[in-house]
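The values are calculated or read from the model by the stated rules, or taken from the named source; none is laboratory data. Only a predicted model underlies this, so the values are computations on that prediction, with no experimental measurement involved. Methodologically, a virtual Cβ is constructed for each residue, glycine included, from the backbone with ideal geometry; neighbour enumeration extends over all protein chains shown. To get the accessible areas, we keep the full protein, side chains included, count just its heavy atoms, and leave off ligands, DNA and RNA. Shrake-Rupley method; radii C 1.70, N 1.55, O 1.52, S 1.80 Å.
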Amino acid sequence: MEHVTSATASFLRRDPAEVQPWAETCGQIRPLIEAADEAAAEVHHVEIDHAKQHYHAKTDEIYYIIAGEGTMVLDDETIDVHQGVVVYVPRGVKHKAIGKLTVLTVCIPRGVLDDIHEVE
């Protein structure tokens, strides 16, 4: 992790290849910007496989599909997803992705990992 701060600006740079993944509700997650970084949002690189349906009570999520194709279940709707598709999931919406997908998730506000409520 490289965190550089200057008198005029502060920024964070992380390479997904340098972040050790771990298993969570959707699959293997690599937190690129996490709650401890105190940014306005979190960003995660996720390898989705056998995700569990869940929701977030306080956090909205934006999924950007980097690779793969499959479907997403959003409450009672099922939509197709593939590389390049963006899906906005408002807080409270039960969701899961089906298929082998690589996604970038942006979670607003930060704290999503403490706001996972599995329903299956």
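When semi-axes √(5λ) of the Cα gyration tensor in Å is computed from the coordinates, the matching label among [x] 25, 16, 13; [y] 47, 14, 11; [z] 20, 17, 14 is [x].
Qualifying trypsin sites (Lys or Arg not before Pro) in segment 1-91, where qualification requires a DSSP coil assignment and no more than 13 other C-beta atoms within 10 Å, comprise Lys52, Lys58. Qualifying GluC sites (Glu not before Pro) in segment 22-88, where qualification requires a DSSP coil assignment and no more than 15 other C-beta atoms within 10 Å, comprise Glu38. Around the amide H of Glu24, modelled in the peptide plane, lie the amide H atoms of Ile29, all under 5 Å away and 5 or more residues distant in sequence or on another chain. Using only the Cα atoms of segment 15-63, build the gyration tensor, take square roots of its eigenvalues as a ≥ b ≥ c, and label the shape rounded, prolate or oblate: rounded if a/c is under 1.5, else prolate if a/b is larger than b/c, else oblate. Judged from the Cα gyration tensor, segment 15-63 comes out oblate (a/c at least 1.5, b/c at or above a/b).
Given their separation in residues at 0.36 nm each and the Cα-Cα distance between them, Gln20 and Ile66 gain 14.7 nm when the chain is fully extended.
Overall, the accessible surface of the chain at a probe of 1.4 angstrom is composed of carbon and sulfur to the extent of 52 percent. What the phi angles of segment 11-23 give under the Karplus curve with 6.51, -1.76 and 1.60, with θ = phi - 60°, is a coupling list of 8, 10, 10, 9, 9, x, 5, 9, 9, 5, x, 9, 7 Hz, glycine and proline written as x.
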